[in-house]
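A quick write-up on the structure given underneath.
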There are 4 protein chains.
Amino acid sequence: MESELKSLVQALRDFAQARAWEPYHSPKNLASALSVEAAELLEHFQWLTEAQSRSLDPEKRAEVGAEMADVFLYLLQLADKLDIDLVDAARRKMIVNARKYPAPLDPPA
Amino acid sequence: MESELKSLVQALRDFAQARAWEPYHSPKNLASALSVEAAELLEHFQWLTEAQSRSLDPEKRAEVGAEMADVFLYLLQLADKLDIDLVDAARRKMIVNARKYPAPLDPPA
Amino acid sequence: MESELKSLVQALRDFAQARAWEPYHSPKNLASALSVEAAELLEHFQWLTEAQSRSLDPEKRAEVGAEMADVFLYLLQLADKLDIDLVDAARRKMIVNARKYPAPLDPPA
Amino acid sequence: MESELKSLVQALRDFAQARAWEPYHSPKNLASALSVEAAELLEHFQWLTEAQSRSLDPEKRAEVGAEMADVFLYLLQLADKLDIDLVDAARRKMIVNARKYPAPLDPPA
């Protein structure tokens, strides 16, 4: 991971330590919290049509961005606990996905 | 965002385009898919104790890493669709959280 | 289904109709909403230990009950839309589960 | 609750006891499992349009019914652990919802 993600991870460690939250931050609990935040993100979209979801107004877009940040922050914390390099894991998963869903020979126009 | 995230985002765009998946990738659908992947991540932990979740064996840890990658890949795609800078959003959310949960004056020993 | 569930389903139909919510209540959207409510339920437990979750105080228990009601109400509405008998589906799933997870010959003492 | 739900709950108790699953079935874990099953239900809908979700073919509808059964079975088990009457909780929640979302005076035609 590059420096901006590393500095976020360090800030999250400091934040949790200053509040003595480490005992709560088992991977089991962080995975729960991540899933809860993902649902809060989904909640913003649940009654929108797909078309509406493609053209959010600025206020809604800001709210959605804050929920996405929550998901990201838990993802970074969980990765840190488990010593997983998120960017590396993502690259490897894309290779798996490319095999699982081969692109058609004639790409879409 | 730094170059490694930008290159992941570009790879995801190319991947979706080569498969003509763009019509499916409304923010509403991406938020659903992200939430489903977060639950698949949680599933690995649901019957573990917190202590067990802190000491995963290598095989389980690899499976968990692959699920985290799925969450991350959808998060990056959703951010790309909505033109949200995930790292910037995360930094701003940490400032909000610091106000919401002030650290105690006497930090834990 | 017996009469108490049938009367709940009818009340939910009347409720949605009086508010002209039918256009929003596609099965896709109801499944999203159900998933969001399930996460709100989970949120009550995310930082508790398992032991704490086994002895909720009355106030927390009431809050949890209200979240469970939300999940149940969306489940009933989705079943109604898809013309699925929830109790019958549950009975059939238990038979499937009994084959998938056979009970040990020597039952636990 | 009427007899059909009571008999389902009793069957679930017997099922868990015969497999010695009780130690795993803390409310915290059951809420996680319920949330995971709700996401598996959502997964069936994530790439469908709302219109497609309103006209599932029989095979898909059966799969969706089985996922709904999983959600229901965990909901019943969690309610049993917490000594919550699900039908009663649902009725009370509908009264709360009626206050929160008052019906318009002129109902939709």
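The values are calculated or read from the model by the stated rules, or taken from the named source; none is laboratory data. Note that the coordinates shown come from a computational prediction; the quantities given were computed from them, not determined experimentally. Cβ placement follows ideal geometry from the backbone for every residue including glycine, while neighbour counts extend to all protein chains displayed.
Which is farther than 18 Å from C:Arg91 by Cα, under 17 Å from the mean Cα position of the chain (by Cα) and not hydrophobic (A, V, I, L, M, F, W, C), of D:Ser53, D:Ser35, D:Ser26? Explain how you work it out, then say what you get.
Details: D:Ser53 fails: under 17 Å from the mean Cα position of the chain (by Cα); D:Ser26 fails: under 17 Å from the mean Cα position of the chain (by Cα).
The unique qualifying residue is D:Ser35.
Can you list the helices (runs of 4 or more DSSP H) found entirely within chain B that contain at least 1 residues being under 18 Å from A:Leu73 (Cα atoms)? It would help to see each step written out before you state the result.
Details: elements: B:3-18, B:27-43, B:50-53, B:58-82, B:86-100.
Because the criterion is at least 1 residues that are under 18 Å from A:Leu73 (Cα atoms), the helices (runs of 4 or more DSSP H) in chain B that meet it are B:3-18, B:27-43, B:58-82, B:86-100.
Looking at B:Arg92, is it within 24 Å of A:Gly65 (Cβ to Cβ) and basic (Lys, Arg)? Before you say what the answer is, go through the steps one by one.
Working: within 24 Å of A:Gly65 (Cβ to Cβ): yes; basic (Lys, Arg): yes.
Criteria met by B:Arg92.
Is at least one residue of the stretch C:52-61 buried (at least 23 other Cβ atoms within 10 Å of the Cβ), away from chain A (no Cβ under 14 Å) and among the hydrophobic types (A, V, I, L, M, F, W, C)? Even if it seems obvious, please write down each step before you answer.
To start, the set of residues in the stretch C:52-61 that are buried (at least 23 other Cβ atoms within 10 Å of the Cβ) comprises none.
Checked against the condition, which is being buried (at least 23 other Cβ atoms within 10 Å of the Cβ), away from chain A (no Cβ under 14 Å) and among the hydrophobic types (A, V, I, L, M, F, W, C), the stretch C:52-61 yields no hits at all.
Tell me yes or no: at least one residue of the stretch D:85-96 is aliphatic (A, V, I, L, M), in contact with a helix residue (DSSP H, G or I) (Cβ under 9 Å, 6 or more places away or on another chain), under 23 Å from C:Asp14 (Cβ atoms) and more than 7 Å from every other protein chain (Cβ to nearest Cβ). Break it down stepwise before answering.
Taking the stretch D:85-96 as the starting set, the residues that turn out to be aliphatic (A, V, I, L, M) are D:86-87, D:89-90, D:94-96.
Then drop every residue that is not in contact with a helix residue (DSSP H, G or I) (Cβ under 9 Å, 6 or more places away or on another chain), which leaves D:86-87, D:89-90, D:94, D:96.
Filter once more, keeping what is under 23 Å from C:Asp14 (Cβ atoms): D:86-87, D:89-90, D:94, D:96.
From the residues that got through so far, the ones that are more than 7 Å from every other protein chain (Cβ to nearest Cβ) too are D:96.
Among the residues of the stretch D:85-96, at least one is aliphatic (A, V, I, L, M), in contact with a helix residue (DSSP H, G or I) (Cβ under 9 Å, 6 or more places away or on another chain), under 23 Å from C:Asp14 (Cβ atoms) and more than 7 Å from every other protein chain (Cβ to nearest Cβ), which makes the answer yes.
Taking A:Glu37 as the residue in question, decide whether it is crowded, with 23+ Cβ neighbours inside 10 Å, modelled with pLDDT of 95 or more and acidic (Asp, Glu).
Details: crowded, with 23+ Cβ neighbours inside 10 Å: yes; modelled with pLDDT of 95 or more: yes; acidic (Asp, Glu): yes.
It is true that A:Glu37 is crowded, with 23+ Cβ neighbours inside 10 Å, modelled with pLDDT of 95 or more and acidic (Asp, Glu).
Is at least one residue of the stretch B:4-26 closer than 30 Å to C:Glu50 by Cα and of a type outside the set (Val, Ile, Thr)?
Kept after step one, since they are closer than 30 Å to C:Glu50 by Cα, are these residues of the stretch B:4-26: none.
So far as the stretch B:4-26 goes, no, none of its residues is closer than 30 Å to C:Glu50 by Cα and of a type outside the set (Val, Ile, Thr).
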